[in-house]
Amino acid sequence: MTQTIAALNSKGGVGKTTFLANLGGLLADMGARILLVDADPQPSLTKYFALADEAPQGLVEVVTQGTVTPGCISRTSVPGLDLVRSNDGEAHLQHWLHGRPDARIRLARALRNPYVQEHYDFILIDTQGAIGPLQTAAAFAADTLVSPLPPDTPSVREFRSGTLRVLQRLEQDPNEPQAALAPIQAVICRHEYTRNARQLLGELRAEFDVGDRVTILDTVIPSAVAYKDAFTARRPVHQLNRQGGTRCPSGYEVMHRIVWELQPQLYGHFAGRLRGDPREVFGPSQTAHAAARAA
């Protein structure tokens, strides 16, 4: 069954696009069939990878027609990684969806059509750094909600007061059909290994460890030039950064560990469709290293 993952955060510029591009690139390299959906009027995900074949249609047609056809799917330069490109530069879809009785479920229905379900293992949806009808539709289409979260005070405040509160209101809105949202998997990104960042990360883990709405992944994405280099090269970071340092693990290791946390059934699967024991390849996880340092 096709799994849908949506990246959602009410704050812009937190790393949603970079995260999904690298996640999709690695999953494709593992042998999965991936469909990226760029639901952001600013088409950052559309521009991340070079296109081998650009489709004449894109997100606008998917949403307004209520289905995904082959004419909406572009092929990227990465084998196994396809894209529904953003072609809504004027952000008309937000207004088009507003007030429609099926606004919440329209994208979910479009992505559940037989063609998509037969041809893809994962759908990854990128969204704009705000909350509106299109982001809401992406949230209700997802089996997993992922929220990249830099460990800085402004980002954490917006996550608490913006992202979480809005999602709670969506579930409790008496004027809308009742539907449960998937729990949120928060991914700490741009971690700088400073005392302040470590303290804030510890506070976040303590706050959300007892709840069932938010889970903070054990693996953190460091603030490293490798991710910017990968964006410039228009390639997944795991292909370019395979060797890490003593404090900063490689993009290859980080993205593999994130895949294994989000999709435990893929534990031991590696890029290149290889199989192996992660403990022999990488050694202890970041969680084990952190526990050792704390001791």
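Which cross-chain or sequence-distant (5 or more) residues have an amide H under 5 Å from the amide H of A52, H modelled 1.01 Å from N in plane?
Those lying under 5 Å, H to H, from A52 are R75, T76, S77.
Once phi is turned into θ = phi - 60°, what whole-Hz ³J(HN,Hα) does the Karplus curve with 6.51, -1.76 and 1.60 give for every residue of the range 47-56, x standing for Gly and Pro?
So the J values, rounded to whole Hz, are 8, 5, 9, 5, 9, 7, 8, 8, 6, x.
Rounded to whole Å, give me the distance from the Cα center of the range 129-155 to that of the range 235-267.
When both Cα centres are located, 22 Å separates them.
If you take the Cα atoms of the range 184-244, find Rg, then find the Kirkwood Rh from the mean of 1/r over all pairs, what is Rg/Rh?
Details: Rg = 14.0 Å, Rh = 13.1 Å.
Over the Cα atoms of the range 184-244, Rg/Rh equals 1.07.
So for the range 1-130, considering every pair of alpha-carbon atoms, how many percent are separated by more than 22 Å? Show your work: numbers first, answer last.
Details: 2397 of 8385 pairs.
Here the tail beyond 22 Å accounts for 29 percent of pairs.
Which residue, H191, Q265, P70, has the largest displacement toward the positive end of the dipole of the chain when charges sit on each Cβ (Lys, Arg +1; Asp, Glu -1)?
Of the options given, the answer is H191.
Under a Cβ-only charge scheme (Lys and Arg +1, Asp and Glu -1), can you give me the dipole magnitude of the chain about the Cα centre, in debye to the nearest 20?
Working: 30 positive and 30 negative charges, 115 e Å.
That gives the chain a dipole magnitude of about 560 debye.
What are the radius of gyration and Dmax of the range 157-272, computed over its Cα atoms and given in Å?
Rg and Dmax of the range 157-272, Cα atoms, are 17.0, 53 Å.
Calculate, in whole percent, how much of the Cα-Cα pair population of the range 65-195 lies beyond 20 Å. Please list the in-between numbers first.
On the way: 4528 of 8515 pairs.
Cα-Cα pairs in the range 65-195 separated by more than 20 Å: 53 percent.
For the chain, set up a GNM with springs between Cα atoms under 10 Å and report which of P114, P41, P150 has the largest fluctuation.
Fluctuation is largest for P114.
Go through the range 91-105 residue by residue and turn each phi into a ³J(HN,Hα) via Karplus (6.51, -1.76, 1.60, θ = phi - 60°); whole Hz please, and just put x for glycine and proline.
With coefficients 6.51, -1.76 and 1.60, one gets 6, 6, 5, 4, 6, 4, 6, 4, x, 6, x, 9, 4, 5, 9 Hz.
Under 16 Å from the Cα of K228, which aspartates and glutamates turn up, not counting those fewer than eight places away in the same chain?
E192
Computed from the mean reciprocal separation of all distinct C-alpha pairs, what Kirkwood hydrodynamic radius does the chain have, in Å? Could you put the intermediate results ahead of the total?
Numbers: mean 1/r = 0.0514 Å⁻¹.
Taking every pair of different Cα atoms in the chain, averaging 1/r and inverting gives 19.5 Å.
Using only helices, what value at 222 nm comes out for the chain when you add -39,500 (n - 2.57) per DSSP H run of length 4 or more and divide by the total residues, to the nearest 500 deg cm²/dmol? All intermediate terms of the calculation are to be shown ahead of the outcome.
Working: 15 runs with 120 residues, N = 295.
Computed ellipticity for the chain at 222 nm equals -11000 deg cm²/dmol.
Given the options L217, L274, L201, state which has the largest fluctuation in a GNM of the chain using a 10 Å cut-off (strictly under) for Cα springs.
Highest fluctuation among the options: L274.
Go ahead and set up a Gaussian network model of the chain, Cα springs under 10 Å, then flag whichever of G24, G15, G99 fluctuates most.
Fluctuation is largest for G99.
Rounded to a whole number of µm²/s, how large is the Stokes-Einstein D of the range 79-154 at 25 °C and 0.890 mPa s, given Rh as the Kirkwood radius over C-alpha pairs? Display every interim value, and only then the final one.
Details: Rh = 14.2 Å.
This corresponds to a translational diffusion coefficient of 173 µm²/s.
Computed from the coordinates by the stated procedures, all read-outs in this text should not be read as laboratory data. Note that the structure is a prediction, hence the values are computed from the model and not measured. FYI the Cβ positions are ideal-geometry reconstructions off the backbone, even for glycines, and counts take in every protein chain you see.
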